[in-house]
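Just so it is clear, none of the values below were taken in a lab; they were calculated from the coordinates. Just so we're clear, the structure is a prediction, and the values are computed from it rather than from any experiment. Cβ coordinates were reconstructed from backbone atoms using ideal geometry, including for glycine residues, and neighbour counts include every protein chain displayed.
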Amino acid sequence: MSAAAAQEAAARAQIEYYFSYANYSRDEYLRSLADADGYVALDALQDFPKLHKLTQGDGALLKRAAASSTRLEVSEDKVRARRIGASSTGRQAQHLVLDANALVRGRGAALQAYADNFWTTTEVLAEVKDAESRARLAALPFRLETRRPSPQ
């Protein structure tokens, strides 16, 4: 791999990390840079010290790195990027299906910033039996809707 290809790969990996759920969900500053569709201007990313060092301030390299990512989508005007599948609110997913484990162990509330809509089945709700888990379920900070899965 040439030095230029290695530099682009390193920049791509860094951008993908910025937009990963592990980082994006905790990075209030990065989320504040996102527009209504969840895109962040590549020029703004260029100011991030680690990425600036990797690209040596080369905006064209940054654009190539973002465009070559399989985890990011670049806007039509080629100046903004977001994670593929990001919701229009900038959250990581539009829909999230919760199983009994998330509800019984009290992990449902921690997922609030992850998706726009939350779903489960009546069978999963029936698995939540003890009083403490039922209280956690009743106190979820989002609306949990039930659906019956299609046979397909």
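A few points about this structure:
- The chain - Debye-derived log10 I(q)/I(0), Cα point model, q = 0.09, 0.16 Å⁻¹: -0.40, -0.85
- Reference-scaled alpha-carbon Rg (2.2 N^0.38 Å with N residues) for segment 1-71: 1.07
- Segment 31-77 - Debye-derived log10 I(q)/I(0), Cα point model, q = 0.13, 0.22, 0.30 Å⁻¹: -0.29, -0.81, -1.23
- The helix-only estimate of mean residue ellipticity at 222 nm for the chain, built from DSSP H runs of length n ≥ 4 each weighted as -39500 (n - 2.57), is -11500 deg cm²/dmol after division by the residue total.
- Estimated inter-spin distance, LYS129 and ALA22, nm [label 7 Å along Cα→Cβ]: 3.7 nm
- Calculated from the alpha-carbon coordinates, segment 88-152 shows an Rg and a Dmax of 11.9, 37 Å respectively.
- Förster radius 22 Å - calculated FRET efficiency between SER68 and ASP37, Cβ distance, rounded to 0.05: 0.55
- Inter-label distance for THR122 and VAL97, nm, one decimal - labels placed 7 Å from Cα along Cα-to-Cβ: 1.8 nm
- ARG147-HIS52 pseudo-label distance in nm [points 7 Å out on the Cα-to-Cβ vector]: 4.4 nm
- Antiparallel content of DSSP bridges confined to segment 1-130, in %, to 5: 55 percent
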